[in-house]
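Nothing in this text is a laboratory measurement; each read-out follows from the coordinates by a stated rule. Only a predicted model underlies this, so the values are computations on that prediction, with no experimental measurement involved. With ideal geometry, Cβ positions are generated from the backbone for all residues, glycine too; neighbour counts draw on all protein chains shown.
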Amino acid sequence: MLGHHCLFEDDSRWPHQALTPAGPGGCTVSMEPELKSGRSPVWLACMLFIVGACSSSADHVRAHGASAVPSAQSQPAAGGCAGTQVSATTAPPAWARAGFSVWSGIPWALGKPPNAVAYLFAIELVAGGNRPDHRSNKVLWVTQEPPEGLRIQGHPLGRSEPAIVISGQITNGNQLPSIVDVPTPGCWSFDVSWGERTKHMSTINLDVLPAGTLPTRPTL
């Protein structure tokens with residue numbers, strides 16, 4: 001039960017109703033009836049030992065349970081570059097889930113600063129939209145605040161040309177669906193800006209595969 005056992009001269013003296021659950025890894029011990037009945041000091045010593053074991057077990061669960069929670073970007077998937085991580089195993093921020101009744105493992109990337117998200121419905125982008133799986137390079141952009149004056153500009157990392165501008169109709173208050181067909185493979189940087197005088201800005205770097213490449217589906 002707890003990994004500890006006390007031997008009694010008479011097993012019938014074991015208090016069968018003394019141990020009760022008290023949350024994960026813990027228990028409570030009620031000794032009041034036994035104290036009134038005049039149990040021996042050896043019996044009381046064993047019960048105090050069990051109480052200590054219960055407390056240690058509960059403390060161990062609390063200490064290790066907190067560290068078992070994964071961070072938002074703990075298991076990166078393919079699709080990001082230059083510091084941007086893509087996740088397919090952890091849920092995106094709550095503000096980025098409008099319109100999703102249940103998040104179903106769609107790969108997503110968090111920008112820097114962390115106030116914009118890109119959902120990669122196409123798993124990975126392929127240059128020119130030339131994909132053997134016949135899918136489109138669909139990306140859903142989401143901002144933490146309502147994106148008044150939203151502007152998304154993409155360009156190869158460290159270069160200003162070639163450049164593309166992504167625009168469209170805002171949905172669900174803070175989302176912009178798009179098809180992102182960039183002309184060349186490599187790491188592309190997407191600058192997401194919105195607000196008066198581009199008050200808010202976030203950068204998401206995405207890897208673009210060569211034309212004709214089949215993306216690898218993430219392991220969920």
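For the reader, a short list of remarks on this structure follows.
- A simple count of charges around TRP194, restricted to other residues whose Cβ falls under 15 Å of its Cβ and scoring Lys, Arg +1 and Asp, Glu -1, yields -1.
- Per-residue Cβ neighbour rank within 10 angstrom, fewest leading, SER104, SER193, SER87, SER136: SER104, SER136, SER193, SER87
- Viscosity 1.567 mPa s, 4 °C: Kirkwood-radius Stokes-Einstein D of the range 82-142 over Cα pairs, µm²/s: 104
- Shape index of the range 76-209: Rg/Rh, with Rg the Cα radius of gyration and Rh the Kirkwood radius from the inverse mean 1/r over Cα pairs, equals 0.93.
- Fewest-first ranking of TRP103, TRP188, using other Cβ atoms within 10 Å as the exposure measure: TRP103, TRP188
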